[in-house]
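These notes are about the structure you will find just below.
No value in this document is a laboratory result; all are computed from the given coordinates. All figures in this text were calculated on a predicted structure; none of them were measured in a lab. Here the Cβ positions follow ideal geometry from the backbone for every residue, glycine too, while neighbour counts run over all protein chains shown.
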Amino acid sequence: MEKKRIGILTSGGDCPGLNAVIRGVVRAADNLDWEVVGFIDGFEGLLQPGDYRILDRHSTAHIMPQGGTILGTTNKGHFISKIAGGDKIGVAPETVENARDILQKLRIEGLILIGGDGSLTTGQQLFEAGFPIIGVPKTIDNDLEATAMTFGFDSAVACVADALDRLHTTGNSHKRVMVLEVMGRHAGWIALYGGLAGDANVILIPEIPFSYDKLTDFINERERDGYKSSLVVVAEGAKPMGGAQSVRTSAVAGEYKLGGMGEQVAAEIAARTGKETRCTVLGHLQRGGTPTTLDRILGTRFGVKAVQLIHEGRFGTMVSYLNYQVTGVPIAEAVHKLRVVNPSHQMVETARAVDVCFAD
Ligand code: F6P
């Protein structure tokens, strides 16, 4: 008898831990005697004639430490359902029907979609069109409301902390101000956690607009106090009070690209304090490389739960980490709700208590 089949795809920006999810899905499915079909390059693999490969224990052995995704991904293409600013556009009806044909032809009884807010929005549209979708939340930004944590975040934070440790020693040797721009369009979680772990002196996040006067007063005061250097972490989406985010390229489909705020902050510090200042943009280093142990475990738990949700027929559900348990929540409740940093969050208070300046 032919085995039942589960489909899986990775969509949107990659992050460490995607392969841990894939491996978890394959093993949990195999234990239920299901076969797993991996679609290539996200939803694009659902286009006619279908781009996929069968995944089994052997082809997914030892993939957990690998960054990226063995299936490939894209944040462009035929299945974009949101454009910049969060406006919905929806996937074209003929594309939806083509994808339905592929799933039927391949006998897919449940489709696991690993993606962020945009991809899950597409997933919800497909679920409403009758597709058997299960969502797995993914983003290094950790900014989805319906889950306390997404995998990839911890690895990104570890990357930021490592970069700050390195900048600290060179900054001290040269008595410089070292600025580090990190990812975080709308939410400053990476800057906040990474900055705290890496002993940053200043953390600038989108949720707390900053004042250049306060920033440079703080840096001058540190110098008077005898500190040789200062570390400033800038989320790419941070903005000065009364100012705007620094946009690198405007969006056509998908989100506009941010970038340049680190350089702006560094230039302003140098001009106002006269101190030698350098800027490093950490960029996609935060998205690459091997996942931390936490992300490997969270990814594995998410993969196993996704298979259980298919087994229970709970389509239209997204796995979620809440109160130390992996559970399921409706995708519809999970999308379009970004979890940003509340300026009175305990993490902000903790950072302030150890002398971190937010320049507000
Ligand atoms: O949403 C995740 C994220 O890493 C953002 O923090 C960042 O702005 C964006 O992706 C970068 O996307 P791309 O890989 O398309 O440059």
query: Which of these, Arg224, Arg278, Arg185, has the largest mean-square fluctuation under a Gaussian network model of the chain (Cα springs below 10 Å)?
result: Arg224
- request: Starting at the first residue of region 191-203, write each ³J(HN,Hα) from the Karplus equation 6.51 cos²θ - 1.76 cosθ + 1.60 with θ = phi - 60°, in whole Hz, x for Gly and Pro.
  value: 5, 5, 5, x, x, 5, 5, x, 6, 6, 8, 10, 10
message: Just to confirm a number: summing +1 for Lys and Arg and -1 for Asp and Glu over residues other than Asp51 whose beta-carbon lies under 11 angstrom from that of Asp51, what do you get?
response: -1
- prompt: Taking the mean number of other Cβ atoms within 10 Å as a proxy for protection, how do you rank 124-132, 337-345 from highest to lowest?
  reply: 124-132, 337-345
message: If R₀ is 22 angstrom, what is the calculated FRET efficiency for the pair Lys337 and Ile89, using the beta carbon separation as r and rounding to 0.05?
response: 0.70
task: Quick one: what are the phi-derived ³J(HN,Hα) couplings along region 97-105, Karplus 6.51/-1.76/1.60 with θ = phi - 60°, whole Hz, x for glycine and proline?
output: 5, 4, 5, 4, 4, 4, 4, 5, 4
task: Choose one answer from Asn98, Asn142, Asn201: the residue with the largest mean-square fluctuation in a GNM of the chain with alpha-carbon springs under 10 Å.
output: Asn98
- prompt: In deg cm²/dmol and to the nearest 500, what is the mean residue ellipticity at 222 nm of the chain if only DSSP H runs of at least 4 residues count, each as -39500 (n - 2.57), divided by the residue total?
  reply: -11000 deg cm²/dmol
message: Show me, for region 331-342, the HN-Hα J-couplings you get by feeding each phi into the Karplus relation (A = 6.51, B = -1.76, C = 1.60, θ = phi - 60°), rounded to Hz, glycine and proline as x.
response: 4, 4, 7, 8, 8, 6, 10, 7, 9, 9, 7, 6
- prompt: In terms of modelled amide H atoms, which long-range or inter-chain residues lie less than 5 Å from the amide H of Cys279?
  reply: Val179
Computed over region 146-243: relative contact order in percent, which uses C-alpha pairs under 8 Å that are six or more apart: 36 percent
message: Can you give me the angle between helix 18-31 and the longest principal axis of the chain, using Cα atoms only, in degrees from 0 to 90, rounded to the nearest 10?
response: 30 degrees
- request: Between the alpha-carbon centers of region 146-174 and region 181-239, tell me the distance in whole angstrom.
  value: 13 Å
statement: The answer for the net charge of residues other than Ala267 whose Cβ lies under 13 angstrom from its Cβ, with Lys and Arg +1 and Asp and Glu -1, is -1
query: Once the other residues with Cβ under 10 Å from the Cβ of Thr69 are scored (Lys, Arg +1; Asp, Glu -1), what is the net sum?
result: -1
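Students often check this: by mean Cβ neighbours within 10 Å, which of 167-177, 25-35 ranks highest, and how do the rest follow?
Per-residue mean Cβ counts within 10 Å order the peptides as 25-35, 167-177.
For region 154-287, what is the percent of antiparallel DSSP beta bridges, rounded to the nearest 5? Write out the running numbers ahead of the final one.
Details: 2 of 17 bridges.
Restricted to region 154-287, the bridges split so that about 10 percent are antiparallel.
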- request: Once you have a ≥ b ≥ c as the square roots of the Cα gyration tensor eigenvalues for the chain, tell me rounded if a/c is under 1.5, and otherwise prolate or oblate according to whether a/b is larger than b/c.
  value: prolate
